[in-house]
Amino acid sequence: MLIGIIDSGKGGLAVAEKIKTKKDQLILIMDQGYFPYGNKSKEFLLKRAYYLTDFLVKQGVEFIVIACNTLSIYAYPFLKNCFSIPILGVFDYFQPYLTKEYTLIGSKTTIAYAKAYTSVQTYDGTEFIEAIEKKKDIEPFILALSEIQTKAFLLGCTHFLVLDSKSFPFPTIEQISLLKRDIEGIRKKLENSSF
């Protein structure tokens, strides 16, 4: 199966590694020239997402994963209306957890959305995300997070998926297991030509 993945950087690679099976071929767009998406306007995000999705469709992908949470928030509904192939946006998997018991770590744009529309606690992880992308020291961010009282951290940027439990020693919720379940559902529907 040919799967397209869109992200602004290394987070897309982490998603690709976690969802790929032996049957899959991937086209991964790590749009590092525009990293980070978290400081871009909604207009820019919609235009960029459309351009990249159109490119992937022309390459023959069977479905697309919007691996960036910011892009998923702002462009996913738009893309679903513009294209007929299945598209999954990772941020939707957080919906049940966007409550005051949890803390969402993400880019400025993701955090702004969460503050406006949910009761989840937030931590602006923009600099943390940039440190991961540029392979800089993340210890100051880990120390700051250790002081937050929360049931679990919602990893609101796929860049956090490159961290292991030793690097990020906190309870977390990430979307990958639910994403994998939905990808399997899409695989079955495509095999049965239900799309």
(message) Could you tell me the relative contact order of the chain? Use alpha-carbon pairs under 8 Å, at least six residues apart, and round to a whole percent.
(response) 22 percent
(request) At 0.36 nm per residue, minus the direct Cα-Cα distance, what do D24 and S41 gain on full extension? Give it in nm, one decimal, please. (result) 2.8 nm
(request) For n ≥ 4 DSSP H runs only, could you compute -39500 (n - 2.57) per run for the chain, divide by its residues and tell me the 222 nm figure to the nearest 500? (result) -13000 deg cm²/dmol
(request) State which entries of K20/K166; K58/K188; K47/K180; K47/K115; K58/K189 exceed 30 angstrom in Cα-Cα distance in the structure shown. (result) none
(message) Averaged across orientations, what area in nm² does the convex hull of the alpha carbons in the chain project?
(response) 10.7 nm²
(message) Within 15 Å, Cβ to Cβ, of D54, how many net charges do the neighbouring residues add up to if Lys/Arg are +1 and Asp/Glu are -1?
(response) +3
(message) So if I take the centroid of the Cα atoms in the stretch 122-195 and the same for the stretch 17-70, what is the distance between those two points in Å?
(response) 17 Å
(request) Starting from the stretch 107-167, pick out the trypsin sites (Lys or Arg not before Pro) whose DSSP state is loop and whose Cβ has at most 14 other Cβ atoms within 10 Å. (result) K134, K135, K136, K151, K166
(message) Mean-square fluctuation check for the chain, GNM, Cα pairs under 10 Å: which of A14, A144, A75 is largest?
(response) A144
(request) Go ahead and collect, in residue order, the members of the stretch 156-195 whose backbone nitrogen is under 12 Å from a label point 7 Å along the Cα-Cβ direction of M1. (result) 179-195
(request) For the chain, set up a Gaussian network in which alpha carbons nearer than 10 Å are linked by springs, and say which option among E127, E174, E43 fluctuates the most. (result) E43
(message) Which aspartates and glutamates, if any, have their Cα less than 20 Å from the Cα of K100, not counting same-chain residues under 8 positions apart?
(response) D92, D124, E147, E174
(request) Name the most mobile residue of C68, C82, C157, meaning the one with the largest mean-square fluctuation, in a Gaussian network model of the chain with Cα contacts below 10 Å. (result) C82
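Every number here is computed from the coordinates shown, using simple stated rules; none is lab data. Bear in mind that the values here come from a model prediction, so they are computed numbers and not experimental data. A quick note on method: Cβ atoms are made from the backbone with ideal geometry, for glycine too, and the neighbour counts reach across all protein chains shown.
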